[in-house]
Amino acid sequence: MFIIFANKQSTMVYKILVIRFRRIGDSVLATALCRSLKESFPQAEIHFIINENISPLYLNHPDIDKVITFSDKENHGFNYIKKVWNTVHETDYDVIIDMRSTIKTLPFSLFSLHTKYRIGRYKKYNALVHNYRIKDLPEDDRVENNLKLMSPLSKEGELKLNTNFRLYVTNEEKAKYRRYMEAQGIDFKKPVILCAVTARLAYKVWPYDRMTRILKNIIHEFDAQLVFNYAGDAETKAAQDIWEKLDKDPHIFLNIQANGLRELCALTCNSTFFFGNEGGPRHIAQAFEIPSFAIYPPNISKQFWLPGNDPRFRGISPDDYMPEEQQKGMEYATRFNLIPESDVWAQLNEMLKQYLHAAT
């Protein structure tokens, strides 16, 4: 979706620093801001600050001219302050957009008070550092709130706000991974569903017994191939337990591994559909326009974290059944159980009938 503001000739926006950091999902959604900046100010260089471990996602990204990474060692103490200082003094930025606007990220703007546009979110403590502070609106999703950070730049030119976030892999990467999947037994004449049956953060995991029954329904109704996405010892054990509970069904593939984020992107591109727990892999699926259905845990707002209103990307949340304010005082498991298993299957089944059949 495009929203256009103003109609002016851009005057001085040539170097833009976007500070994001954090995890996969946050950074993927932030690419809509980078894309909008690039489309609004095509002459500008967009520099993007993220944690080193997720930087492979943005290799050769057309909306990002330079990725600046902070390693774990550089993310603390004097090493952090030194790198922040060097970052803002090596390049004369016209715009700094601090997407986090935390105490920790304030030094980027504090060390660059000559920068005309030092834009952050509205916080009580940043009035003397950010000369433009933008309030988040609770009714807007994460992408919409991110794009509001561009509003001060309407003084410099026509703003083209694009809510579509995207990632890229090369055709060679996609083809290479497809050959690997075929060698592991995938038949691309049948649908391939990428399944996030577990999650890095335990609190985000829908109960495994319910997940197992849903997966059994998918296999029975659609004869689909299920590729489990997991990493680390705890997730590996959970995935294997589900596989064993499903009698090691040959529709399930535990042997397809994504060694790094580039391969995860290639795996996603070679999938027909995404299903599972909300998290970074779901955002990656939407960035590649792979239809998806996700289960949102308590305290993770579907309205906020499922951007746009595209029927290809859906989810289910406890908030669909009880307003969040009424859930206060309830045990976490009780809140999660507000999601009826029957509704998960009904909504997922509807999507699979549409998108799996369309792909075969």
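The values are calculated or read from the model by the stated rules, or taken from the named source; none is laboratory data. Only a predicted model underlies this, so the values are computations on that prediction, with no experimental measurement involved. Heads up, the Cβs are rebuilt from the backbone with ideal geometry, glycines too, and the neighbour counts pull from every protein chain shown. Please note that ligands, DNA and RNA were not included when accessible areas were found on the heavy atoms of the full protein model with its side chains. Shrake-Rupley method; radii C 1.70, N 1.55, O 1.52, S 1.80 Å.
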Pairs returned, first residue in segment 197-208 that is under 16 Å from residue 274 (Cα atoms), second residue that is of a type in the set (Phe, Trp, Tyr), beta-carbon separation under 6 angstrom, 6 or more apart or interchain, are 197/228; 198/230
Matching option when the condition is in contact with a Phe, Trp or Tyr (Cβ under 6 Å, 6 or more places away or on another chain), under 24 Å from residue 104 (Cα atoms) and open to solvent by less than 10 Å² (accessible area, probe 1.4 Å), among 44, 32: 32
Odd one out for residue 94, checked against (1) more than 26 Å from the chain's Cα centre (by Cα); (2) surrounded by 21 or more Cβ atoms within 10 Å (Cβ to Cβ): (2)
(1) over 19 Å from the mean Cα position of the chain (by Cα); (2) on the phi > 0 side of the Ramachandran plot all hold for residue 71 apart from (2)
Matching residues in segment 327-336 (without any contact (Cβ under 8 Å) to a residue 60 or more places away in the chain and surrounded by 13 or more Cβ atoms within 10 Å (Cβ to Cβ)) number 3
Could you tell me whether residue 225 is farther than 23 Å from residue 27 by Cβ, open to solvent by 50 Å² or more (accessible area, probe 1.4 Å) and in contact (Cβ under 8 Å) with a residue 12 or more places away in the chain? no
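Would you confirm whether any residue within segment 48-55 is in contact with a helix residue (DSSP H, G or I) (Cβ under 9 Å, 6 or more places away or on another chain), part of a helix (DSSP H, G or I), open to solvent by 40 Å² or more (accessible area, probe 1.4 Å) and not polar (S, T, N, Q)?
Yes, that holds for at least one residue.
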Looking at segment 74-95, I want the residues that are closer than 23 Å to residue 37 by Cβ and have a partner that is open to solvent by 70 Å² or more (accessible area, probe 1.4 Å) with Cβ atoms under 8 Å, at least 6 apart or on another chain. Which pairs are those? 94/14; 94/116; 95/116
Residues of segment 56-73 that turn out to be open to solvent by less than 20 Å² (accessible area, probe 1.4 Å), more than 19 Å from residue 90 (Cα to Cα) and either of a type outside the set (Phe, Trp, Tyr) or assigned to a strand (DSSP E or B) (or both), as a count: 3
Assuming residue 266 fulfils every condition listed in (1) within 19 Å of the chain's Cα centre (by Cα); (2) free of Cβ contacts under 8 Å to residues at least 40 places away in the same chain apart from one, which condition is it? (2)
Cβ pairs under 6 Å, 6+ apart, first in segment 144-165 and more than 27 Å from residue 24 (Cβ to Cβ), second among the hydroxyl-bearing types (Ser, Thr, Tyr) and open to solvent by less than 10 Å² (accessible area, probe 1.4 Å): 152/117
Please give the helices (runs of 4 or more DSSP H) falling wholly within segment 103-207 in which 1 or more residues are over 22 Å from residue 261 (Cα atoms) and open to solvent by 10 Å² or more (accessible area, probe 1.4 Å). 106-110, 142-148
Odd one out for residue 269 among (1) open to solvent by 20 Å² or more (accessible area, probe 1.4 Å); (2) over 19 Å from residue 174 (Cβ atoms); (3) of a type in the set (A, V, I, L, M, F, W, C): (2)
